[in-house]
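Notes for the one structure printed next.
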Amino acid sequence: MKFKRGDQVEVIDLDNRFDGSYYHGNIMSRVGKKTYIVQFRTLLEADQSGFLREFVMTRKIRPKPNDVVVTDFALGQKVDVFANDGWWVGRIASKIGETEYLVHFDITNQDIIYPFANIRLHQDWDATNDIWMHTRD
């Protein structure tokens, strides 16, 4: 997929410390055949002077996922949770009250409680066919 200036995207794995997370940004420009400059919307420069801009390989970029309206999540359902400036993949471990969920993260083997507003349905990007696929597991 080719991106153009202004496209909203998500970038995976800025470095190995953040494996399994996605960060929202915008395409600023294309640099060569396989690289773009992305300005992140939640990550700041080290000196806090503005939003971080980085050269990112195309294989680490996907379009911003489609908004999918959900009213509840099922036990074991794969979800993304917004935390620490990015989206992290986890699974619903249990529902707590009316508006919170306990989410399990395989990458850290942690269970953490999040409000419904911080959780979205997990979708996988099929780069071959340029479509979003809903995870059934």
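Per-structure values
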{"quantity": "Selection count, segment 83-137, where residues are without any contact (Cβ under 8 Å) to a residue 60 or more places away in the chain and touching a Pro at 6+ places or on another chain (Cβ under 7 Å)", "calculated": "3"}
{"quantity": "Residue list for segment 101-132, filter: in a strand (DSSP E or B) and more than 14 Å from Asp80 (Cα to Cα)", "calculated": "Gln110, Asp126, Ile131, Trp132"}
{"quantity": "Any hit, segment 111-126, residues being exposed (fewer than 11 other Cβ atoms within 10 Å of the Cβ) and either at pLDDT below 95 or under 11 Å from the mean Cα position of the chain (by Cα) (or both)", "calculated": "no"}
{"quantity": "Residue list for segment 83-101, restricted to those being loosely packed, with under 15 Cβ neighbours inside 10 Å and under 22 Å from Thr71 (Cβ atoms)", "calculated": "Ser94, Ile96, Gly97, Glu98, Thr99"}
{"quantity": "Top-ranked residue in segment 36-60 [being touching a Gly at 6+ places or on another chain (Cβ under 7 Å) and within 14 Å of Phe3 (Cβ to Cβ); ranked as surrounded by the fewest Cβ atoms within 10 Å (Cβ to Cβ)]", "calculated": "Gln39"}
{"quantity": "Residue check for Lys34: over 15 Å from Phe116 (Cα atoms) and either of a type in the set (Ser, Thr, Tyr) or in contact with a helix residue (DSSP H, G or I) (Cβ under 9 Å, 6 or more places away or on another chain) (or both)", "calculated": "yes"}
{"quantity": "Any hit, segment 81-96, residues being in a loop (DSSP other than H, G, I, E, B) and hydrophobic (A, V, I, L, M, F, W, C)", "calculated": "no"}
{"quantity": "Hits in segment 21-64 - residues which are of a type in the set (D, E, K, R) and either more than 25 Å from Thr128 (Cα to Cα) or part of a strand (DSSP E or B) (or both)", "calculated": "Arg30, Arg41, Glu45, Asp47, Arg53, Glu54, Arg62"}
{"quantity": "One residue from Gly76, Gly97, Gly90 being under 17 Å from Ser21 (Cβ atoms) and of a type in the set (Gly, Ala, Ser)", "calculated": "Gly90"}
{"quantity": "For Pro63: the one exception among (1) buried (at least 18 other Cβ atoms within 10 Å of the Cβ); (2) at pLDDT 95 or above; (3) within 11 Å of the chain's Cα centre (by Cα)", "calculated": "(1)"}
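Results for (1) in the same structural domain as Thr42 (by TED's automatic domain parsing); (2) touching a Lys or Arg at 6+ places or on another chain (Cβ under 8 Å); (3) among the small types (Gly, Ala, Ser), shown as yes or no for each residue.
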residue	(1), (2), (3)
Ala83	no, no, yes
Arg91	no, yes, no
Ser94	no, no, yes
Val103	no, yes, no
Pro115	no, no, no
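The values are calculated or read from the model by the stated rules, or taken from the named source; none is laboratory data. Just so it is clear, the structure is predicted and the values come from calculations on it, not from any experiment. Here Cβ is always computed from backbone atoms with ideal geometry, including for glycine, and neighbour counts include all displayed protein chains.
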